[in-house]
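Read-outs: derived from the displayed coordinates by stated rules, not from any lab. Fair warning: this is a prediction, and the values are worked out from it, not measured in the lab. All Cβ positions, glycine included, derive from the backbone under ideal geometry; neighbour counts span all protein chains shown.
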Amino acid sequence: MTVKAQLIAEIEEIDNPIALVQIFEIMQLIKQNITKNNTLLSKFSGCLSDDDAQDMRSIVNNEFNAIEGEW
């Protein structure tokens with residue numbers, strides 16, 4: 001069962017109209033935040049050249065893909 005189907009099934013089981021209104025309001029807040037975050041991130045889209053992006057990828061891989069010392 002997909003997450004979407006699970007959410008729908010859970011919501012369909014709720015008989016309390018106040019709880020349903022609260023869930024609806026939460027969903028509206030989530031949608032607003034998703035839109036706001038996408039707008040903020042889109043300002044940075046394309047700001048790095050391909051070479052700069054590759055350099056950044058290499059640095060992140062070199063610095064964060066290895067564990068130093070004993071574990």
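A few points about this structure:
- Qualifying lysines (Cα of each under 23 Å from Cα of Lys4; at least 8 residues distant if same chain): Lys31, Lys36
- In degrees, nearest ten, helix 3-12 long axis to first principal axis of the chain (Cα): 20 degrees
- Which label in (i) 168; (ii) 97; (iii) 196 gives the computed volume of the Cα convex hull per residue in Å³: (iii)
- Dipole-positive endmost among Ile30, Ser42, Pro17 within the chain (Cβ charges, Cα centre): Pro17
- Spin-label model, Ala66 to Val21: label points 7 Å out along the Cα-to-beta-carbon direction sit 6.0 nm apart.
- Tilt relative to the chain, helix 50-64 - C-alpha long axis, 0 to 90 degrees, to 10: 90 degrees
- Stretched out straight at 0.36 nm per residue, the stretch from Asn37 to Met1 would grow longer than its current Cα-Cα span by 10.1 nm.
- Theoretical ellipticity at 222 nm over the chain - DSSP helices of four or more residues, -39500 (n - 2.57) apiece, nearest 500: -24000 deg cm²/dmol
- When the trypsin sites (Lys or Arg not before Pro) in the chain are filtered for DSSP coil states and for at most 16 other beta-carbon atoms within 10 Å of their beta-carbon, the remaining sites are Lys43.
- Think of each Lys and Arg Cβ as +1 and each Asp and Glu Cβ as -1; about the Cα centre, that makes the dipole of the chain roughly 420 debye.
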